[in-house]
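Some notes on the structure that comes next.
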Amino acid sequence: TVKYTEVTDLSWTHPTPCDTLPSSSQISFATNIDVLGCTLKHGTIERSLTPTGGRTFSVATAQLGTFDEGSQTLQHKCATAFNPNPTYLDYAFTVDRTAPTLDSLSAPARSSCNLEQFELSFAGSDTASGCGLDGYAIKVTRPGLPASDRVREFFSPTTPFIYSGLLSPAPPGLSPNELVQVEVRAKDRAGQLSAPKTAEFRVQDPETAAC
């Protein structure tokens, strides 16, 4: 009896489990073993593919028809010398082309008298047919700092976000009466960003404020 490894799954580059998959994109994947060729099927459209290099395959998305938003399935099969007539397997994914929404941003009118940190709270939402939120993109601008430290960008999977020296790389400590500007966007699992919400405030001076 000859034992061999069969192609049971593919390593997909595009589409990812949640993807915008524009018509100008490429569908690409790699097999786990050497194969004679692969076939992709979407609806009634079939495309036979040969490797673009080694075990990798690629085809223009537009060649497999239209992919609407929502749940989608690509069928695939790859022939080998041991199994020249395989059956189709399914790859399920979601097409999400609608950006999420940042519903709210709460920043201090003035920071507390703590010169080590401040806190931002925010909330975002995704469409019912989307893949859900991945987190939040945060930009903090401190106009009074040198150019190398003036703008810092962060990603937070949850809310609230604490701006402090525990971040990496650690930002400089806050200064009394310093102006701080913040911008927050929600990010979904397809990589799309919402429109931003912004806020600015001044740090309280522990020497003069009622701390």
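Read-outs: derived from the displayed coordinates by stated rules, not from any lab. What you are looking at is a predicted structure, and each value in this text was computed from that prediction instead of being measured. Reconstructed Cβ throughout: ideal geometry from the backbone, glycine too, with neighbour counts over all protein chains shown.
So here's what we get for this one:
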read-out: Charge dipole (segment 1-149, unit charges on Cβ, about Cα centre) - positive-most of G37, G144, V59; value: G37
read-out: Long-range lysine pairs (8 or more apart or interchain), the chain, Cα under 16 Å; value: 4
read-out: Helical mean residue ellipticity (222 nm; -39500 (n - 2.57) per DSSP H run of 4+; nearest 500) of the chain; value: -500 deg cm²/dmol
read-out: Convex hull volume per residue for segment 7-69, taking Cα atoms only, in Å³; value: 89 Å³
read-out: Convex hull projection area averaged over all views, the chain, Cα basis, nm²; value: 16.4 nm²
read-out: Relative contact order %, segment 82-211, counting alpha carbon pairs below 8 Å whose residues are six or more apart; value: 32 percent
read-out: Built amide H within the under 5 Å cut-off of Q26, gap 5+; value: T61
read-out: Cα radius of gyration and Dmax for segment 54-147 (Å); value: 23.6, 72
read-out: Cβ crowding within 10 Å averaged over residues, with 19-31, 163-175 ranked highest first; value: 19-31, 163-175
read-out: Length gained when the stretch A170-S148 is fully extended (0.36 nm per residue, less Cα-Cα span); value: 6.7 nm
read-out: Computed lengthening from S48 to A123, 0.36 nm per intervening residue step minus Cα-Cα distance; value: 22.5 nm
